[in-house]
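Remarks on the structure that follows.
The values are calculated or read from the model by the stated rules, or taken from the named source; none is laboratory data. Computed from a predicted model, the values in this text were never measured in an experiment. Glycine gets a Cβ as well: all are built from the backbone with ideal geometry, and neighbour counts include every protein chain shown. Ligands, DNA and RNA are excluded from the accessible area calculation, which covers all protein heavy atoms including side chains. Shrake-Rupley method; radii C 1.70, N 1.55, O 1.52, S 1.80 Å.
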Amino acid sequence: MAIRVFLLLLLFLSSAIVSFSLYEDQAGLADWHQRYIGKVKHAVFHTQKTGRKRVIVSTEENVVASLDLRHGEIFWRHVLGTKDAIDGVGIALGKYVITLSSEGSTLRAWNLPDGQMVWETALSSAHHSKSLLSVPINLKVDKDYPITVFGGGYLHAVSAIDGEVLWEKDFTAEGFEVQRVLQPLGSTVIYVLGFVNLSEAVVYQIDSKIGEVVAQKSMVFPGGFSGEISSVSSDKVVVLDSKKSILVTIGFIDGDISFQKTPVSDLVENSGNAEILSPLLSNMLAVKVNKRTIFVKVGGEGKLEVVDSLSDETAMSDSLPVADDQEAFASVHHEGSKIHLMVKLVNELDNVLLRETIQMDQHRGRVHKVFMNNYIRTDRSNGFRALIVMEDHSLLLLQQGAIVWSREEGLASVTDVTTAELPVEKDGVSVAKVEHTLFEWLKGHVLKLKGSLLLASPEDVVAIQELRVKSSGKNKLTRDHNGFRKLILALTRAGKLFALHTGDGRIVWSMLLKSQACERPNGISLYQWQVPHHHAMDKNPSVLVVGRCGSDSSAPGVLSFVDVYTGKKITSSDIGHSVVQVLPLPFTDSTEQRLHLIADTVGHVHLYPKTSEALSIFQREFQNIYWYTVGADDGIIRGHVMKSSCSGETADEYCFTTRELWTVVFPSESEKIISTLTRKPNEVVHTQAKVNTDQDLLYKYVSRNLLFVATVSPKGAGEIGSVTPEESSLVVYLIDTITGRILHRLSHQGCQGPVHAVFSENWVVYHYFNLRAHKYEVTVVEIYDQSRAENKNVWKLILGKHNLTAPITSYSRPEVFTKSQSYFFAQSVKTIAVTSTAKGITSKQLLIGTIGDQILALDKRFVDPRRTLNPSQAEKEEGIIPLTDSLPIIPQSYVTHSHRVEGLKGIVTAPSKLESTTHVFAYGVDLFYTRLAPSKTYDSLTDDFSYALLLITIVALVAAIYITWALSEKKELSEKWR
Amino acid sequence: MAQIIRSSPVLAFIGLQICFIFFASTLTCTSGSEDSYTITGRVKIPPSNVIGHTAKFSNVKVILNGGDKITFLRPDGYFTFHKVPAGTHLIEVSAMGYFFSPVRVDVSARHRGKVQATLTETRRSLTEMVLEPLKEEQYYEIREPFNVMNIVKSPMGLMVGFMVVVVFLMPKLMENIDPEEMKQAQEEMRRQGVPSLTSLLPSAGASR
């Protein structure tokens, strides 16, 4: 009976379509959203007017943003397309932010206060080139000076008011590359200096009204230029020659060109190659020679003289006018854990206007960029503020000897994410005060009750929110019973590792990678190195951070081992070989360090940790280690197996050679690999079988060695508009990575990529574009094991053919069959992930990162190949949804609710200890975290559970019992009297 | 053209015709160089009654071919994609709080960049490139307003309700029973020794 009730309950539960949904007042309880912009490339201050002081920045993540200069908050920001890199920013007319992007072919104006785009102009460009934006600084707002833009061989003059192209000058024929545009105030003639083939300097005088060339002068420089240029004054620039040993001052007063050569060796003894630094200083330039920065003053006749020299680690800002005829610039250099900010006058370098020393976190690295701004203090003297960009991409504002605000912009370029447990709560570790009086507890619950009954006033709502956050203790730094509190470890492109708390997203610790071999390694990937579980319980868990010295894949790798609890580096080693692939092995040593193999470009693999114990474990499993490589360029997937130890002088005993076991070659003329995917290695599958409606059993083919490969015709590899349906087809494969056997092949005619896929248990779901219908499609493929299909009932399972007695090997030919189904999907997709829970019992949800940077949770039951148009009663009871041609987009199931995860790149899920719940972390330019319960929290009471109502009911019941007891006694007494 | 329309109805008709031709041929397309064209369109968001979503154009993105190009709206709602090759393209509009159907856009090479637009969700072809949201999106569940029935329906409400029924309605029912029958039943009960409530709570009875 009980079983039947339970089954009925299960049926009831499964037939109700549960979707993730949230009440508005629940937003922000379990989730958080952080907005970032990325590493700042350009910054323009806007502080002239009274009112809000802001700084306009453009970043390497193609973001243009307006930041509050007081607090560092974002007023507005826009994330441009991935191919739309910003080349320049300026403020025109005092009210528009001008951005030049896409190599000088797109010019946009944004309204300064609210970020609304005002106009957009496409500029013609013939080829890729350096681009140049020159926004005139005009003090009279009413007069419209044109914006001059050079890019792709064309010079344009654009009206700042409406973006109209006033004139356009084609320089593509001459090969003329504009270097500087000069517009003397009040003059209608602009001077355009540029090089032809880096050997001839040309100055054009162009009428700024009509774009006609008034005069042209050119002069050939025999040595040729290197392209590095610094303009020192309104009519002079300094260039390096092609050998980087001679500084050439080019004067172009009134359109006349004059060269003045100064060998660098005249300025500095024993000089090597020189490099002109980017800061623009008036009548001076900064040159890097012999690892030192020298300041070279440019005299009136183009004569150069060294006035100062600084250590290499100095970052400088452009100079900026401070008082009449005085220009100042800021320089920042390091000294131990401090940085020194100095503001000097350009003309008198000894005259230091400002000298400040600021304590700086070591894990921010060096100062990369400095942007300076001045303001007038109340006593009429000059005050300075400096915006600095650090090596870890963080952005800081320095003013009056202190860091006013800082932004961790490194988090805008996360490359890899993993999760880690927090320490167990011990006596004296950290126990937050949770006890409070009964009255307070009751008051809180009465408030909650009011909230859920919609009787709460706005103040009450605020109080409820505060109470919820406080009572949940979600921000504590210890492990909790449900596993809701965790650390999210995020590795950024700058090579910094951040640990974020799942409760509120704050940074618990951060660490910048370091290496002896190179200045600053790039972060590539993160692995769980040591997770103490059964043994070595006293050890702290640690992660392996794989980095690389340089962007090339053959560059030597760097391994760092980081303690998760403390954020301290345990060890780090320059491994001396390159890193192509890291393979975590399913073995751990006695201290629960996981064995990892690292493959290099030469074809060797290296075992880590380098201990004899690890080696002996590895030797035992030597024959059973397989892996594969995907050559996307040549269309070959190769399977590898271990061969022997490396030979040669440099080899150690932890290095092994490999041999090729199998290859799958895709014909290069018809198929190009665009996507490969395997299952997550740590995924838990709860049940091997699936019960059909007709009491049939389907055995899932759950193999860790399946590889999903999607190929597309070479023509269809481009973007959507570029191919006709007849020319493109998409083929997907399921390949066994041990034997190289193709288990399944499915071809979609008239379809093309990009393919976004997710692989879990025995199914793959992938998203692609159908050119015929001109819609996106999602296909699900489920793979089942045929060989065990006979074992239908208990007797057969015990006596019949099964896997327990027969030796199972990956070499045996698996008898599999697949089921698949396709649906339309109404949006482009950036990434897909799937929820993962501790035991794998809870039904799964797909997490679809849409093009609008939102994340949609879609129940797996919508992508079930058993869906039919008219499901039978039995199927309906099982929870099969009638087939529809497209997948529903239910707005309430956006897990990001009213947020956008701008520039979404990836979604990571991790199980919590509570089976029903999973952690979801999405990263891009923004970060977003939430907890999901794909089948509702069936194993715990929700936050909404009203304890007060329960208490009131109990009290009422007890009272009722007593009343009735009293009544009954009275009645009995009266009856006895009768 | 306005003057013409005012002057004569016949002319007005012709004027309308011209207007149509004008729209059909020029509004959705403009010329470009040999192989790159321009797609111009407009996003129209009706004045919203959804709380929390102000129809701000500054947060709207228009996306060509799944992120190949992204542009933003001008204050009047217009957007433009420049340098688009001839072929069939897909335009999507991303605006918080609204669902837009993707638009299939055919840029013809033969007709100098003539643009044809079709909504892929409803298969409706557009005469003008004016994109309107199919529906508004509400990301939050709406809390039901306070309702006595909700409390009554909750498990605890049912418990209380049942108690009330037993305590107050049962005696009423008892009263309606014929007194003689009642007596008989009571006799029977006494004979069988059905425990009364007092004997059920012996400790409570003893304490008194």
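Can you tell me which of B:Met170, B:Met163 is farther than 30 Å from B:Phe81 by Cα, surrounded by 15 or more Cβ atoms within 10 Å (Cβ to Cβ) and within 11 Å of chain A (Cβ to nearest Cβ)?
After ruling out the rest, the residue left standing is B:Met163.
Within the group A:Gly852, A:Gly840, which residue is at pLDDT below 90 and within 27 Å of B:Gly97 (Cβ to Cβ)? Reasoning before the result, please.
Details: A:Gly840 fails: within 27 Å of B:Gly97 (Cβ to Cβ).
One residue alone meets the criteria, A:Gly852.
Within the stretch A:704-728, can you find the residues that are in contact (Cβ under 8 Å) with a residue 60 or more places away in the chain and closer than 19 Å to A:Val684 by Cβ?
A:Asn705, A:Leu706
If I ask for residues that are outside any strand (DSSP E or B) and more than 8 Å from chain A (Cβ to nearest Cβ), which ones from the stretch B:126-141 would you list?
B:Thr127, B:Glu128, B:Met129, B:Glu132, B:Pro133, B:Leu134 - these are the residues of the stretch B:126-141 that are outside any strand (DSSP E or B) and more than 8 Å from chain A (Cβ to nearest Cβ).
Table: residues versus (1) of a type outside the set (Gly, Ala, Ser); (2) within 12 Å of chain B (Cβ to nearest Cβ).
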site: A:Thr47; (1), (2): yes, no
site: A:Lys53; (1), (2): yes, no
site: A:Ser58; (1), (2): no, no
site: A:Leu67; (1), (2): yes, no
site: A:Leu80; (1), (2): yes, yes
site: A:Ile98; (1), (2): yes, no
site: A:Ser105; (1), (2): no, yes
site: A:Thr121; (1), (2): yes, yes
site: A:Ser124; (1), (2): no, yes
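Just a yes or no: is a residue in the stretch A:309-323 in contact with a strand residue (DSSP E or B) (Cβ under 9 Å, 6 or more places away or on another chain), at pLDDT 85 or above and of a type in the set (A, V, I, L, M)?
Checking the stretch A:309-323: not a single residue is in contact with a strand residue (DSSP E or B) (Cβ under 9 Å, 6 or more places away or on another chain), at pLDDT 85 or above and of a type in the set (A, V, I, L, M).
Taking the residues in the stretch A:172-193 that are buried (at least 21 other Cβ atoms within 10 Å of the Cβ) and β-branched (Val, Ile, Thr) as candidates, determine which candidate is farthest from A:Ser131 (Cα to Cα).
Only one residue tops the list, namely A:Ile190.
Answer yes or no: is there a residue in the stretch A:489-503 that is touching an Asp or Glu at 6+ places or on another chain (Cβ under 8 Å) and of a type in the set (S, T, N, Q).
There is at least one residue in the stretch A:489-503 that is touching an Asp or Glu at 6+ places or on another chain (Cβ under 8 Å) and of a type in the set (S, T, N, Q).
Just name the residue that is farthest from A:Val755 (Cα to Cα) out of those in the stretch A:671-701 that are part of a loop (DSSP other than H, G, I, E, B), open to solvent by 50 Å² or more (accessible area, probe 1.4 Å) and not acidic (Asp, Glu).
Filtering first and then ranking leaves A:Gln695.
Within the stretch A:375-382, does at least one residue satisfy the condition of being open to solvent by 20 Å² or more (accessible area, probe 1.4 Å) and at pLDDT 85 or above? Talk me through it step by step, then tell me what you get.
Taking the stretch A:375-382 and keeping what is open to solvent by 20 Å² or more (accessible area, probe 1.4 Å), we get A:375-382.
From what's left, at pLDDT 85 or above: none.
No, the stretch A:375-382 has no match at all.
Tell me which residues, restricted to the stretch A:533-572, are more than 26 Å from A:Val602 (Cα to Cα), open to solvent by less than 30 Å² (accessible area, probe 1.4 Å) and assigned to a loop (DSSP other than H, G, I, E, B).
A:Ala536, A:Pro541, A:Val564, A:Gly567
Failed condition for A:Thr658, given (1) open to solvent by 60 Å² or more (accessible area, probe 1.4 Å); (2) polar (S, T, N, Q); (3) assigned to a strand (DSSP E or B), with all others met?
So A:Thr658 meets the others, but not (1).
Kindly provide the set of residues from the stretch A:819-831 that are within 14 Å of chain B (Cβ to nearest Cβ) and either under 12 Å from A:Tyr776 (Cα atoms) or among the β-branched types (Val, Ile, Thr) (or both), ordered by number. If you could, list the steps in order and put the result at the bottom.
Just the residues of the stretch A:819-831 that are within 14 Å of chain B (Cβ to nearest Cβ), to begin with: A:823-831.
Correct list: A:Tyr823, A:Phe824, A:Phe825, A:Ala826, A:Gln827, A:Ser828, A:Val829, A:Thr831.
Looking at the stretch B:88-125, which of its residues are away from chain A (no Cβ under 11 Å), open to solvent by less than 40 Å² (accessible area, probe 1.4 Å) and without any contact (Cβ under 8 Å) to a residue 24 or more places away in the chain?
Hit for the stretch B:88-125 is B:Ser108, nothing else.
(1) in a strand (DSSP E or B); (2) under 25 Å from the mean Cα position of the chain (by Cα): which one isn't true of A:Phe384, the others all being true?
In the conditions (1) in a strand (DSSP E or B); (2) under 25 Å from the mean Cα position of the chain (by Cα), A:Phe384 misses (2) alone.
Report yes if A:Ala330 is in contact (Cβ under 8 Å) with a residue 24 or more places away in the chain and either open to solvent by less than 30 Å² (accessible area, probe 1.4 Å) or among the aromatic types (Phe, Trp, Tyr) (or both), otherwise no. Let's see the steps before the verdict.
Values: in contact (Cβ under 8 Å) with a residue 24 or more places away in the chain: yes; either open to solvent by less than 30 Å² (accessible area, probe 1.4 Å) or among the aromatic types (Phe, Trp, Tyr) (or both): yes.
Yes, satisfied.
Please enumerate the residues belonging to the stretch A:922-963 that are touching a strand residue (DSSP E or B) at 6+ places or on another chain (Cβ under 8 Å) and either under 23 Å from A:Phe862 (Cα atoms) or surrounded by fewer than 17 Cβ atoms within 10 Å (Cβ to Cβ) (or both).
Hits for the stretch A:922-963 are A:Ala922, A:Thr930, A:Arg931, A:Leu932, A:Ala933, A:Pro934.
When you go through (1) open to solvent by 10 Å² or more (accessible area, probe 1.4 Å); (2) assigned to a loop (DSSP other than H, G, I, E, B); (3) polar (S, T, N, Q) one by one for A:Thr478, which number turns out not to apply?
(1)
Identify all residues within the stretch B:142-154 that are more than 9 Å from chain A (Cβ to nearest Cβ) and surrounded by fewer than 11 Cβ atoms within 10 Å (Cβ to Cβ); write none if there are none.
Hits for the stretch B:142-154 are B:Val148, B:Met149.
Can you name the residue in the stretch A:198-234 that is touching a Leu at 6+ places or on another chain (Cβ under 7 Å) and open to solvent by 30 Å² or more (accessible area, probe 1.4 Å) and is also farthest from A:Met284 (Cα to Cα) among such residues?
Result: A:Ser226.
Assuming A:Glu915 fulfils every condition listed in (1) modelled with pLDDT of 90 or more; (2) within 30 Å of A:Leu698 (Cβ to Cβ) apart from one, which condition is it?
Condition (1) is where A:Glu915 drops out.
Could you please find all residues in the stretch A:241-257 being in a strand (DSSP E or B) and farther than 14 Å from A:Val298 by Cα?
If the condition is that a residue be in a strand (DSSP E or B) and farther than 14 Å from A:Val298 by Cα, then A:Asp241, A:Ile246 are the ones that fit.
Would you pick out the residues in the stretch B:71-83 that are at the interface with another protein chain (Cβ under 7 Å from one of its Cβ atoms) and buried (at least 21 other Cβ atoms within 10 Å of the Cβ)?
B:Thr71, B:Leu73, B:His82
Restricting attention to the stretch A:136-151, report how many residues are at pLDDT 80 or above and in a loop (DSSP other than H, G, I, E, B).
The number of residues fulfilling the criteria is 1.
With the structure loaded, tell me whether A:Gly72 is over 17 Å from B:Pro75 (Cβ atoms), away from chain B (no Cβ under 11 Å), more than 23 Å from the chain's Cα centre (by Cα) and assigned to a loop (DSSP other than H, G, I, E, B) or whether it fails that test.
no
In the stretch A:594-628, what residues are open to solvent by 10 Å² or more (accessible area, probe 1.4 Å) and in a helix (DSSP H, G or I)?
Once the filter is applied, which keeps residues that are open to solvent by 10 Å² or more (accessible area, probe 1.4 Å) and in a helix (DSSP H, G or I), the stretch A:594-628 yields A:Ser612, A:Glu613, A:Leu615, A:Ser616, A:Ile617, A:Gln619, A:Arg620, A:Phe622, A:Gln623, A:Asn624.
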